[in-house]
Amino acid sequence: MHTSHSTYQMKISELGYLLHIYYGSRIDDEDLSGLLTHYDRGFSPNPNVAGRDRTVSLDVMPQEFSSAGVGDFRVSSIEAENGDLSRAFEGKYTGHWIYEGKYSLPDLPGLRVRENDRTDTLEAELKDPVSGLTVTLCYCVFENLDVITRTVRVRNGGTEPVRLTRIMSVTMDWLESDFDFIHFDGRHTMEREFHRDPLISGQQTIGSIRGTSSHQHNPFVILCGKDAGEEHGECYGFSFVYSGNFQCTVEKDQFDQTRLVMGIHPDRFSWKLEPGESFFAPEVILAYTDRGLTKLSHMYHDIFRTNISSNIYRNKKRPVLLNSWEAAYFDFRHETLVDMARHGAELGADLFVLDDGWFGDRNNDFCALGDWKENPEKLPRGLKGLAEDINELGLDFGVWVEPEMVSENSRLYREHPDWTLQIPGRPAARGRYQLVLDLSREEVQNYIVDFMDEMLSSANIAYVKWDMNRSISEVWSGGGNQGAVFHRYVLGLYRVLERIENAHPEVLFEGCSGGGGRFDPGMLYYHPQIWCSDNTDAINRLKIQYGTSFGYPVCTMGAHVSVCPNHQTKRAVPLGTRGIVAMSGTFGYELDPGKLTAREKEECRALTETYRTYSSLIDQGDYYRLESPYSGKGFTAWAFVSRDRREALVNVVITDKEPNGAQRYLKLRGLREDLRYHVERYDICRSGAALMRAGLPVDLGLGEYEGMQFAVTAVR
Ligand code: DGJ
């Protein structure tokens, strides 16, 4: 398989095993199978069909999909309990097909094929000769986008039911292990921090069993050469298009080879396949480059800008929004909201978003989730009347919902206590005092679609923030196979989102799970933007947005200017810096603009203006990480560079200040060496070569948390 810059090679061995040979820089028309060597390796068993040949072992050979229980002791791709209760699977090649276009993946999100994309699919079938279980490995080559998507389909081709307890969507074997493992881990209000670890002998695993992809680990990882940096080196990306439990394991084996697997987390997973039934594993998007981490990020930025969401806003300028949450929390009335919006209009906002607290008795987070009817004391004219008044001011109107949840103190719970995920006889843990609705059930899915439909039809609502505020525990649904419930929940959620968004294609949806607890490509398939974190502190956001930028473009990251002292950290940061950081995302405000001083208002107006001036460059330009927030140099910097490389917007924030400190230099990237550029703040003209190789001195006069933003424009 070839993408524009990569080649992927596999081979069917003489004994019928599908061996992996190569994934890396493009090499045309060469059979690379000579890379595979064969030696007798002690304690690595030889398949029975190898007869007296002791040089063949599944424990050593690189494979496209590993066997289980038949002599490969590395992390496995599959585990299934067969009809005879054995857990063995030995995939022998039985056929392959190549066709134009992309494989189908029913009920699951995946990278979309757009007009002008050149795509071909390879399907390779492996069958266990004893159980009849058949695994079809699907590879879709997006030649022009330079990525390959993969998935696995499992079919019970035997005569007895099979219980699938582990199925990895991707297995990737390398013949060596000179790699670092990059992953993005964190916690609520501090998501996706960058971690880079050398591979160790044995296994390194990240994942989630919280029912969502989680704040703690993101389903995007990179394996890169030890010498790889932003500008150079080999990098492999793996992005899992799934919003539920996941696992990614990297193993360095006894011969310094590497295996990576990624898929649905096997803990608490089991899926029964009756004879003839199939299971579709979610998709993984693979990208490879030998040109460093920036190039790898740009590949993911490009595909997630164009090929994941179908929402009309994916190609449209996103509205500058004013969100009511940190401005008012639960404490508001129709008039206060309209007032807020009036002042928001003065800041240049396009959209006013009413966050939590507008329905039932929701004056705190103890109650009312599920009662999606306006609170008449707060909103006597309902959402409709509020939307009308907001629209009068020239702003669009948007609203917050948390449809997957229910409070015990709500009408919905009193009427349908059985609609929640709870284990009979075991009082359920509460998260934010709330329980989780059982989205695996059709009547629950219908209830959500119906109330959303009713709400969206009742008022002029242009935007929805879809929140989800707890990890899922006590997973149990109706009798039957409980190991299927987590996955059925995710499938139910996708079904609900598909139905709602098809019925209301004009609405902009923003995903959210206590900020960035479900920031994954599965959700981006439905929501073109996701609230990046509940932490709006601009200095913390530097790390959060830096980590997020490795796998996701800035047009997917919700980012707002909030007040100081910041509500999460109590830190005070200059308004200008808060603006610079928020405009490296889908820009907005989360404060009461009526409480700003005249000067602050003026400054916010200017920030909105600046954002509008540069929004195309920010959304469509290439994003460059110039100085990492972890570098220890006391500043963080990044830039947006236009595709023709004639224009850039550079951003710098001082994160740590010492008196009489070292002079630091900022080296730009992405410019053309041969062009001359005018550098706005410095008012100088320099060649791209000078700006990128020699750099610019960072102004020592800037105080802690101050920032600077300046344009760099080609003059010839
Ligand atoms: C968590 C979200 O991330 C916040 O932005 C806000 O919407 C609250 N939920 C409301 O309860």
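The values are calculated or read from the model by the stated rules, or taken from the named source; none is laboratory data. Bear in mind that the values here come from a model prediction, so they are computed numbers and not experimental data. With ideal geometry, Cβ positions are generated from the backbone for all residues, glycine too; neighbour counts draw on all protein chains shown. Just so you know, the surface numbers come from the protein's heavy atoms only, side chains and all, with ligands and any DNA or RNA stripped out. Shrake-Rupley method; radii C 1.70, N 1.55, O 1.52, S 1.80 Å.
Go through the residues of region 460-482 one by one and say whether even a single one is polar (S, T, N, Q), within 17 Å of Asp365 (Cα to Cα) and under 27 Å from the mean Cα position of the chain (by Cα). Within region 460-482, one or more residues are polar (S, T, N, Q), within 17 Å of Asp365 (Cα to Cα) and under 27 Å from the mean Cα position of the chain (by Cα).
If you go through region 55-63 one residue at a time, do you hit one that is surrounded by fewer than 16 Cβ atoms within 10 Å (Cβ to Cβ) and part of a loop (DSSP other than H, G, I, E, B)? Yes, that holds for at least one residue. All of Tyr329, Tyr413, Tyr313 fail the test of being in contact (Cβ under 8 Å) with a residue 60 or more places away in the chain and open to solvent by 10 Å² or more (accessible area, probe 1.4 Å), apart from Tyr313.
When region 549-567 is filtered for residues that are more than 20 Å from Glu609 (Cβ to Cβ), within 16 Å of the ligand (Cβ to nearest atom) and small (Gly, Ala, Ser), only Gly558 remains. When region 171-183 is filtered for residues that are assigned to a strand (DSSP E or B) and either modelled with pLDDT under 95 or in contact with a Gly (Cβ under 7 Å, 6 or more places away or on another chain) (or both), only Phe179 remains.
For Glu474, the conditions (1) open to solvent by 10 Å² or more (accessible area, probe 1.4 Å); (2) within 16 Å of the ligand (Cβ to nearest atom) are fulfilled apart from (2). Take region 424-438 and flag every residue that is over 18 Å from Ser477 (Cβ atoms) and touching a strand residue (DSSP E or B) at 6+ places or on another chain (Cβ under 7 Å). Tyr433 - this is the single residue of region 424-438 that is over 18 Å from Ser477 (Cβ atoms) and touching a strand residue (DSSP E or B) at 6+ places or on another chain (Cβ under 7 Å). Can you spot a residue in region 511-525 that is surrounded by fewer than 21 Cβ atoms within 10 Å (Cβ to Cβ), within 18 Å of Pro282 (Cβ to Cβ) and free of Cβ contacts under 8 Å to residues at least 60 places away in the same chain? The answer is no, given that none of the residues of region 511-525 is surrounded by fewer than 21 Cβ atoms within 10 Å (Cβ to Cβ), within 18 Å of Pro282 (Cβ to Cβ) and free of Cβ contacts under 8 Å to residues at least 60 places away in the same chain.
This table checks each residue for (1) of a type in the set (Ser, Thr, Tyr); (2) assigned by TED's automatic domain parsing to the domain that holds Glu388; (3) out of contact with any Phe, Trp or Tyr (no Cβ under 8 Å at 6 or more places or on another chain).
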residue	(1), (2), (3)
Leu421	no, yes, no
Pro424	no, yes, no
Tyr433	yes, yes, no
Ser440	yes, yes, no
Val464	no, yes, no
Ile472	no, yes, no
His487	no, yes, no
Gly492	no, yes, yes
Ala503	no, yes, yes
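If you go through region 74-124 and keep only what is part of a loop (DSSP other than H, G, I, E, B), closer than 20 Å to Asp146 by Cα and touching a Lys or Arg at 6+ places or on another chain (Cβ under 6 Å), you end up with just Val113. Between Asn315, Asn307, the distinction of being more than 16 Å from the ligand (Cβ to nearest atom) and under 16 Å from the mean Cα position of the chain (by Cα) belongs to Asn307 only. Mind listing just one residue for me: the one in region 354-392 that is of a type in the set (A, V, I, L, M, F, W, C) and over 23 Å from Phe509 (Cβ atoms) and, of those, least open to solvent (accessible area, probe 1.4 Å)? By that ranking, first place goes to Cys367. Count of region 614-647 residues, restricted to those that are closer than 18 Å to Leu696 by Cα, in a strand (DSSP E or B) and either of a type outside the set (Gly, Ala, Ser) or touching a helix residue (DSSP H, G or I) at 6+ places or on another chain (Cβ under 8 Å) (or both), is 10. Cβ-Cβ contacts under 8 Å between residues 6 or more apart (or on different chains), taken from a first residue in region 530-552 that is among the small types (Gly, Ala, Ser) to a second residue that is within 16 Å of the ligand (Cβ to nearest atom) and part of a loop (DSSP other than H, G, I, E, B), are listed as Ser533/Thr189; Ser533/Gly515; Ala538/Asn566. In region 485-496 there is at least one residue that is charged (D, E, K, R), farther than 30 Å from Glu704 by Cβ and within 21 Å of the chain's Cα centre (by Cα).
For Lys570, the criteria (1) among the charged types (D, E, K, R); (2) in contact (Cβ under 8 Å) with a residue 12 or more places away in the chain; (3) more than 16 Å from the ligand (Cβ to nearest atom) hold in every case but one, which is (2).
This table checks each residue for (1) away from the ligand (no atom under 16 Å from the Cβ); (2) not in a loop (DSSP other than H, G, I, E, B).
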| site | (1), (2) |
| --- | --- |
| Phe486 | yes, yes |
| Leu493 | yes, yes |
| Glu506 | yes, no |
| Phe509 | no, yes |
| Met523 | no, yes |
| Ile530 | no, yes |
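Taking each residue of region 173-202 that is free of Cβ contacts under 8 Å to residues at least 60 places away in the same chain and looking for partners that are surrounded by fewer than 19 Cβ atoms within 10 Å (Cβ to Cβ) and assigned to a loop (DSSP other than H, G, I, E, B) with beta-carbon atoms closer than 6 Å, six or more apart or interchain, yields Asp178/Lys226; Asp180/Lys226.
Matching residues to (1) closer than 19 Å to Ser584 by Cα; (2) in contact (Cβ under 8 Å) with a residue 40 or more places away in the chain; (3) open to solvent by 60 Å² or more (accessible area, probe 1.4 Å):
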site	(1), (2), (3)
Trp638	yes, yes, no
Arg643	yes, no, yes
Leu666	yes, yes, no
Ile684	no, no, no
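When Arg578 is tested against the conditions (1) under 19 Å from Arg318 (Cβ atoms); (2) within 16 Å of the ligand (Cβ to nearest atom); (3) outside any loop (DSSP other than H, G, I, E, B), the lone failure is (2).
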